[in-house]
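**Student:** Quick one: the structure is below, questions incoming.
The values are calculated or read from the model by the stated rules, or taken from the named source; none is laboratory data. Everything numeric here is computed off the predicted structure, so don't read it as measured data. Here Cβ is always computed from backbone atoms with ideal geometry, including for glycine, and neighbour counts include all displayed protein chains. Accessible surface is based on the protein model in full, side chains and every heavy atom, while ligands, DNA and RNA are left aside. Shrake-Rupley method; radii C 1.70, N 1.55, O 1.52, S 1.80 Å.
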Amino acid sequence: MAAPRAPWRWAAAGLLLGALPALALWAPARWLAAGVAQASGGQLRLEQASGTVWTGSARLVLTGGAGSDDQAALPGRLAWRLRPAWGGVQARIMADCCTSAPLALRAALGLGTAGVQVSDGQSQWPAAVLSGLGTPWNTIQPRGRLQLATTGLSLQWSDGRMQVQGQVQLDALGMSTRLSTLRPMGSYRLLLQGGQHGEAPTLQLSTLDGALLLSGSGQWVGQRLRFTGEASAAPEREAALANLLNIIGRRSGARSIITLG
């Protein structure tokens, strides 16, 4: 006949079972910060994190990753609120500098699949923070405003492939760079359009106004973006923009050809 389990073992087991939910509920925000840093290869860091994994805030810092000295912090603090949802989590994100209303999204995980749905919304971010990401942003050192708008956006990953539905519009307004004395150079629009019926998402670049003229188009092939574009200067501004045109692409006469992928 088996001997009865010692009372202290029952007490320890009960304590452990009771502590696990409390530990999950009150997990410190620094655990989330560590996960974000690992998932981004160190390029996104949540510094001075306070609160819990579920409700907290931190300073968002962009860096060039391992071995890089480049970094730039978003003004103010970033706050988040996470709540469990069926098969995933719901998130609401607020930035002191950049969001007039919370950004809302829902992430779900499955067997070999993952998905993110982003609620329609708008936000505005300082372009200067991109310099923290290292090359080529630390050379360009952009200045201006990035106005982001999402419509019906969802991303799905399955068997190593990504599918995008909906639209992302990024307006880069009043842009300038240390590579040119012309300030501002202009305003530009990047439009990401999700694919229909399994088609690959596309990317369009256009000029809204200004002396630096940018245009181009691209498409995702598998996980890689293939993009071709060109840059040129308004005739009266060629001298002021010559250095920038030499750096951002391959010169072909008065144009600079930009290729990615």
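**Student:** I want to check the label-to-label distance for residue 207 and residue 55. Put each point 7 Å from Cα in the C-beta direction and report it in nm to one decimal.
**Tutor:** 5.1 nm
**Student:** Something else now. Provide, as a two-decimal number, the C-alpha radius of gyration of the range 65-115 over 2.2 N^0.38 Å, N being how many residues it has.
**Tutor:** 1.53
**Student:** With a 1.4 Å probe and every protein chain kept in, tell me what percent of the accessible surface of the chain is carbon plus sulfur.
**Tutor:** Percent of accessible area from carbon and sulfur atoms in the chain: 58.
**Student:** For residue 236 paired with residue 189, estimate the spin-label separation in nm (one decimal), with each label point 7 Å from Cα along the Cα-to-Cβ line.
**Tutor:** Output for this residue pair reads 2.5 nm.
**Student:** Any chance you could give the angle, 0 to 90 degrees and rounded to 10, that helix 238-248 forms with the longest Cα principal axis of the chain?
**Tutor:** For 238-248 against the chain, the angle is about 40 degrees.
**Student:** For residue 161 and residue 81 in the same chain, what is the full-extension length gain: residue separation times 0.36 nm, less their Cα-Cα distance, in nm?
**Tutor:** Full extension of this stretch gives 25.9 nm more.
**Student:** How big is the gap, in Å, between the Cα center of the range 182-232 and the Cα center of the range 68-147?
**Tutor:** Each part reduced to its Cα centre gives a spacing of 20 Å.
**Student:** Subtract the Cα-Cα distance of residue 196 and residue 181 from 0.36 nm times their separation in residues, and report this length gain in nm to one decimal.
**Tutor:** 1.1 nm
**Student:** If you don't mind, another one. Please list, in order along the range 36-51, the HN-Hα scalar couplings obtained from phi with the Karplus expression 6.51 cos²θ - 1.76 cosθ + 1.60 (θ = phi - 60°), rounded to whole Hz, x for Gly and Pro.
**Tutor:** Result, rounded to whole Hz: 5, 4, 5, 5, 9, x, x, 7, 10, 10, 9, 9, 6, 5, 9, x.
**Student:** Output the 0 to 90 degree angle, nearest 10, between the alpha-carbon long axis of helix 7-25 and the longest principal axis computed from the alpha carbons of the chain.
**Tutor:** 20 degrees
**Student:** Okay, next question. Hey, with R₀ at 25 Å, roughly what FRET efficiency would residue 149 and residue 247 work out to, going by the Cβ-Cβ distance, to 0.05?
**Tutor:** Step by step, r from the Cβ atoms, then E = 0.30.
**Student:** Here's a follow-up. Answer with a single label: of (1) 45, 21, 17; (2) 26, 22, 19; (3) 32, 21, 15, which was calculated as semi-axes √(5λ) of the Cα gyration tensor in Å from the structure in view?
**Tutor:** Checking each listed value against the structure points to (1).
**Student:** By how many nm would the segment from residue 141 to residue 38 lengthen if fully extended, with 0.36 nm per residue of separation less the alpha-carbon distance?
**Tutor:** Roughly 34.5 nm would be gained on extension.
**Student:** Determine the order of 45, 161 by accessible area, beginning with the largest, at a probe radius of 1.4 Å.
**Tutor:** 161, 45
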